[in-house]
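These notes concern the structure reproduced below.
Taken together, the values in this text are just the output of simple stated rules run on the coordinates, not laboratory data. Given the structure is predicted, the values throughout are model-derived calculations rather than measurements. All Cβ positions, glycine included, derive from the backbone under ideal geometry; neighbour counts span all protein chains shown.
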Amino acid sequence: MSLQTVRFRTDSGTAAEVRSQRARVFAARHAASPQGVVRTAYSSESEPDFILAIDLEEATEDPLVGLPQAAQLRDLISRAVGAPVPSEPFTVVGSYNS
């Protein structure tokens, strides 16, 4: 399993555009239906803070990298933050589902 996250903060004016583009990425991901990929997005309700996470069952390249919508979101984030935002590897240390 490979878990990567991207954390960033935008200004208030760009947050709505990020949320809109993120929705387009999820729609494209749903249409592509890749197997073995869990993508999760989080955003603060009170601040323009975001976390994007991808969990790959196997340590392979993200199959969504080639989606135009994903490239557009990466570009938007880079412009909003002022530089590319690298992903960070994370380790799942616990999980509970009921």
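Of note:
- The sum of -39500 (n - 2.57) across all DSSP H runs of n ≥ 4, divided by the residue count of the chain, sets its helix-only mean residue ellipticity at 222 nm to -12000 deg cm²/dmol.
- Karplus (6.51, -1.76, 1.60) ³J(HN,Hα), θ = phi - 60°, over segment 88-93, in Hz, Gly and Pro reported as x: 10, x, 10, 10, 6, 9
- In sequence order, calculated HN-Hα J values of segment 41-58 (Karplus, 6.51, -1.76, 1.60; Hz; x Gly/Pro): 10, 10, 9, 5, 7, 10, 10, x, 9, 9, 9, 10, 10, 10, 10, 9, 4, 10
- Calculated from backbone phi, Karplus (6.51, -1.76, 1.60) coupling profile of segment 9-20 in Hz, x at Gly/Pro: 10, 10, 7, 4, x, 8, 4, 5, 5, 4, 4, 5
- Helix axis angle, 68-81 relative to the chain longest principal axis, alpha carbon, degrees: 50
- FRET efficiency estimate (nearest 0.05) - Cβ-Cβ, S2 to A27, R0 25 angstrom: 0.55
- Mean separation of Cα contacts under 8 Å (6+ apart) over length of the chain, as relative contact order %: 45
- In terms of its C-alpha gyration tensor, segment 1-58 comes out oblate, because a/c is 1.5 or above while a/b does not outweigh b/c.
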